[in-house]
Structures are given as C-alpha cells and as structure tokens.
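See below for the structure under consideration.
Bear in mind these aren't lab numbers, they're just calculated from the coordinates by the rules spelled out. Fair warning: this is a prediction, and the values are worked out from it, not measured in the lab. Quick reminder, even Gly has a Cβ in these numbers, built from the backbone with ideal geometry, and neighbours come from all protein chains shown.
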Ligand code: SF4
C-alpha cells in the first residue's frame, strides 16, 4: 500500500470537500483512514465510489465501535460510537477506511443503501448490535438477534455471558409466541405491493431446518407458480456472539473461537486473526512457521472444498460423490491430526508462530496425500462436472455479473467465477505466498457451474502449493522470539525471567494500543479481522468480516426468475457456512 | 432371529415343536427392533454436524449399527442427534422439531455446546439443550470424533434394548424412560491413571 496513493486520495477529498472536511488518522495497518462528519458521509462515499481515479467500488465492510469505555484514543475525535466504512478499490489494490463520530445514546447515520446494495444487511447489523440507526433504510429490523430481543449486544453495557442473564427456559406460551413471531408477514419485510392484474404470489417458507440450506438458515421464497419472484433470507439462527467473545477472551485464548467461524476451514480463520495481532504487536514470524501455516491452511482449503464438492453434487441429486469426498477429507485429516492432534478445530496457529513443530515423518503423510488426490479429482470431474444433468442444472443458473458481484460485496471463488483475478494470496501476499508458484483460476460466466469449476481447479492449485511446502520447508524455530509471542518458547523460559513471567501469567500478552485489520483469502472468500486494542490483555473490539455474509445477501438477486429446484442448485454453488454468516 | 410360522415346515406327526421357532415376548422383540433400526433426524445446528456427517459417510459408516437411514422429516425419525450449538434464536424451533417426532423417540446431545453451552457462555447461546428437552446420552467433545458419536449410539442402543416402552401410547406413558445410564467417566477412570502418553513428536 503506497503512502503516495494515500496522500493522493486525501488531496482529492480535500479539494472536493474543502480542507478540514476530512481528517486523516494514522493506523498501525497503514490503511488510509479518514474521519468525516456525519452530514458529509454519503457524499464522501459516493465520491469515493464514482468520482475518483481508481474508484473504491466495493463496500467491503461496515461496522461500529462502542467507544464509551475506551481510554487510549487521544489522537481521534471524541465520540460515543464510531461507524467504520471499509472500502476496497480493485484498481488501486487498496483499502480505505471512513470513520464517522456519533454522539449520544441513540445515534444514527444516513443509510448508504443508495450507494451500495450490500449496505443493507450491514446497516441492519449495525442497528441490531449497536443500536445505531440508519436513516432512510428500506427495512431496518434486527438481523442476527430474535426480533423479541432487548438491548444491543455489542454495546459495552450489554451482558456478555449467558450465565449473567436469566436462565433460558422455554415454557409453552413462549414457544408459541416465538413460533408465531416467525410467521412471514410481507408488510414487515417492506413489501406492500398489491398486483393490479389479479396475480397473487405465494410465499414459501424454507428452513431454518431444511436439508438443502446447509445449516440453520431460513429463506422465504415469493413464488409465481414455480418461478421465484423474490426471496427473503432470514439469518441469525447461528449467531454465537463471536465478536463479543473477543472482548472477553485474552488475545491468545481467542484463537479457538476463530476456528469455529467458518467451521469447515478453521486455520483459514486463525490466519487473519493471528496476522492482525502480530501486526499490532509488531511480531515477525520465523520462516518455518510461515511455510507451515501456508501448508496447513491449504490443506484445510482442500478439506473445505471437498465438503462443498460432495454436498453440491448431493444438492443436484447425486448421492455417491459425498461419500467419496468425505473419505478423501478423512485422509487430509490424518495429516492434520498428526500435526496438530485435532481434526476439525485444531487451533494450531499461535501469536508469533504455530503451536508445535511438525512431527517426525510428516513428509511421508503429505507426500502420500498429494499423490493420492489428483487421480481422485479426475474421477470426480467425470462423475460430477462432466455429467450432463449437472451441467443442465447449473449452466446459466444463478448468474451474477461482475458489476453486481462487486456491488454486493462478493469475493473469493464466487467473484473469480465472474472473470476477475482477485485473490489476496496474489494481490496482497501474506505469510510468504508471493514465493509460491500457483495460478488463480477464474471463469467468465458467473453462473453456478462457473463457481463450481473455479473451486475444483483451486484444489489442484492448493495441492501445488502444498507440494512446494513439502519440497522447501525451511528449518529453524517454529515460534518467534518476540516477548509477546504466546506461549513463549520453552527454551526461552529457561533463560530469561521476563518470558517466564509471561508464561506464568494467566492473562497472556498485553498488546499495544492501536487498530489493525488484516485480510486473507479464506476458502469462501476474503476474510478480515479488524482489531482494536486499548492496550489490554484482550481486544477492545474484534470485528470479523466474513465472506459468506455478503454472499447470502446476494442470494435473492441470483435466484430471481429461476425455479425452486434451481434455487437449491444456486445455494449449493455459493458454498456458504452459517457460522461464517452469523458468527 | 427368524420367525417361521409356515405350516408346511412342521415335521410330520405334528408333535415336536418346529426347529425354526423362536419364542419371545412381543415387547422384547420390539425393543430389539427399535435398538437396531434407529433412524436419526437429519438435523444439524453447527460444527458438530460436520462430524456427524463424517460418521455417516464411508470411513466411519454408521450403517454398521443400523442407524444410517437419515430422515429429513421429523415424523419419520426416532432419534434426534442435537449436533451443535443451541442458539437462543433457534431453540423454539429445536423444541418444535422434537415435538413433531413420533414417540418413542430418543435424544443424543452431541458436543460440548449441546451438552452445556461448551465454550460459548454467551448471550445468544442456550446453556445446554437439556434446558429445553430431555436428553438420553451426552457425547462430550468439541466436536466429538465420529468414534465418540458411535460410542454414544451404542450406549443408547444398549439402553433401548433394556428399555420396555409400551407398544402404543394408548396402553401407557410413551415417554417412559428406562433406568439411568451409567456415568462413563467413572467407568473410564483408568484413563486418568495412564502414566505413559504417546509422544506427539512422531507422525
Ligand atoms: S461443541 Fe464445539 S464443535 Fe460442536 S458445535 Fe460447539 S463449538 Fe462447534
């Protein structure tokens, strides 16, 4: 990220809105960050999206910080709540943060839904979690919590623990009340349309318990016969309070929680988290750990894609592939288990390195796997991708254009299927990805088949990366010597007192105050952890920008005009995980 | 167990009892049948469900224990495996699905989240599915390995084999429970006494 470009955008903004309309703030991750008053914000966003050279076309994330108990932010404008817009420019390969300071107990901002379609759900989340209203939003209702919820969970005065709250019980009246509240009332979703020509639409409820929804997800389809006129996803059934949890766990003990965000690919969530903490703490990770992390992450990318492959085929009516791909996944797990001692949620990454050195004999396991998988993939290609029915059911189905994808915040394989080569591993190499040889598969059609094709090829590319890790695994330590690396290396604790104290302290490291966001290429798309430290043993605010959240938001767009059976195919092709949506 | 009531198989003379005859009480036979054909509800809440799926697919193959007929409709299933976190928002639905299952029915709580809330003592998570429904077997782990789920299933099967539920709710309480299951921690106490642990340094 070039400083020149940053100052450049500051000049652009200043010349358009006048000196003093935007105030820059230095951050630890060197993402250009500007404060702008609430009155200006829509114009500023609009200008950044369309008016500058190398426009910021994607609203990458939108969130808030409850600043009321934060101590170390003297260099920032005072506020009770800060709303943070995170924009992304593909042309510049650069991010930009716009912050808006809000005061008072019931703050509000103007809605950005007119600028980006994807702002819709983010603003609902803002309302739900922080009680920050988006004025002019078409349907501002809770998104993650039940409609009957009281309070806004991410406010500092909201209880975090369930055990601090009333014990959950479910007497009959309450059950009936909650069930009735789930009834779909079009009016509540902002649909007032009454067709003049006598057409009546039917609303079909699907989920939250439905085998085709890949987890607890509900969607209401508005149907004209078999045809989907519109769709209304209802999420939040899987909300596990992961962001609030970050404010309570220490920096170190939060790692296992990140595993469980996209639970099919734990280490791909550990990755941005530990990288962000390391950025805040200024830790350099030794070579061996960097390569080992890459290898582990790619293994999980394959494991995750294998689950997707099988279930996608199953959604289309093929029952065999899922048994085959789960078997292959078990083989990947035998390596993962040998390395980390765990199958699904290894929590093997550590701040400053990894938990343990690779075990003796790991090379053979990895070698066997990279020899084993390619012929299997060939077989599945014949079984699934070449199958005439699969093609007929996915080609031209659920098509997204590149512009739509960007407008809706789509990333990862789903974006690459629209014809853009956008992969953080290449564009913003982290952990040494720039030294690996691999290709970024893309496809042009943007339909369900294209999305599937991209993922299939990605598995092969991941195998290439793993092979290079195998051939070039550096020797040396697997954990940094930095005093904040957690837990410190055993040898060090024997030599110096400071580290011994650190290992004995239950709190773990105290990370210097500041803010940093690091994004990585996870299995489903771009995953970013935005961490705010107030110089404590745990984070002040942990924001997890997950790829599946915007992907699901774009689902109605993809299935309009198609039939119910296509809808199942489309859902299968997006590859989402509810943990990654609701967190 | 094979029943043969075919007249023509009777030896001539009609005196000696037929060799392929099995005498049992009807309720014993029903218990045996129930034990070996548990149909789980295809019902996943969270990460644990992926391990449940792993138990069903090739390597772990739950079909070996007669429990592979996954049903997506609660009315056709008699075993609910609560695989994952019970969220406040989803709890009424879990209860509803449970109520839609026909008796006799059983519940396995799979994983720490369903057992007790696990590592999620957080505002949006119910601290254990037993706050809203009766649980027969708790399987620990986060997530439990497929082997652990299989063990849980076998424990449940043992219990069902020993349990005598009335054949229909007309003749008695359908939810009648068998005797309490043993606490496995006590039975597996020997594990705590292990002194040599496998070296993690070798694959
Ligand atoms: S017990 Fe662990 S693996 Fe299972 S749902 Fe809970 S967090 Fe996920």
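Results, tabulated for the structure shown:
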{"read-out": "Segment A:3-135 - Debye-derived log10 I(q)/I(0), Cα point model, q = 0.17 Å⁻¹", "value": "-0.89"}
{"read-out": "Averaged over A:160-171, number of beta-carbon atoms from partner chains that fall within 10 Å", "value": "5"}
{"read-out": "Taking all pairs of distinct alpha-carbon atoms in segment A:306-413, Kirkwood radius in angstrom", "value": "16.8"}
{"read-out": "Cα pair distances of the protein assembly as shown binned at 10 Å [whole percent]", "value": "2, 13, 23, 26, 20, 10, 4, 2, 1, 0, 0, 0"}
{"read-out": "Chain A - percent relative contact order, Cα under 8 Å, separation 6 or more", "value": "17"}
{"read-out": "For segment A:39-100, the fraction of alpha-carbon pairs in successive 5 Å shells from zero, as %", "value": "4, 17, 25, 20, 15, 12, 7, 1"}
{"read-out": "Förster radius 56 Å - calculated FRET efficiency between residue B:59 and residue A:187 (Cβ-Cβ, nearest 0.05)", "value": "0.65"}
{"read-out": "Per-residue mean of C-beta atoms belonging to partner chains within 10 Å, peptide A:320-333", "value": "3"}
{"read-out": "Fully extended contour minus Cα-Cα distance, from residue B:131 to residue B:37, at 0.36 nm per residue", "value": "31.1 nm"}
{"read-out": "DSSP beta bridge pairing in the protein assembly as shown, given as percent antiparallel to the nearest 5", "value": "75"}
{"read-out": "Likely footprinting exposure, B:113, B:142, A:559, fewest C-beta neighbours within 10 Å first", "value": "B:142, A:559, B:113"}
{"read-out": "Over segment A:49-205, volume per residue of the alpha carbon convex hull, in Å³", "value": "189"}
{"read-out": "Helix-only [θ]222 nm of chain A, DSSP H runs n ≥ 4, -39500 (n - 2.57) each, per residue, nearest 500", "value": "-11500 deg cm²/dmol"}
{"read-out": "Relative contact order of segment A:3-135, pairs being alpha-carbon contacts under 8 Å that are 6 or more residues apart, as %", "value": "22"}
{"read-out": "Computed Kirkwood radius, in angstrom, where 1/r is averaged over Cα pairs of segment A:351-407", "value": "15.8"}
{"read-out": "Largest to smallest principal axis extent of the C-alpha atoms in segment A:362-457, angstrom", "value": "44, 36, 15"}
{"read-out": "Least to most buried among B:98, A:449 (fewest other Cβ within 10 Å first)", "value": "B:98, A:449"}
{"read-out": "Average other protein chain Cβ within 10 Å of Cβ, residues A:234-245", "value": "5"}
{"read-out": "Order by protection proxy (mean Cβ within 10 Å, highest first), peptides A:313-326, B:44-57", "value": "B:44-57, A:313-326"}
{"read-out": "Taking A:38, B:89, A:244 and counting other C-beta atoms within 10 Å, the order from fewest to most", "value": "A:38, A:244, B:89"}
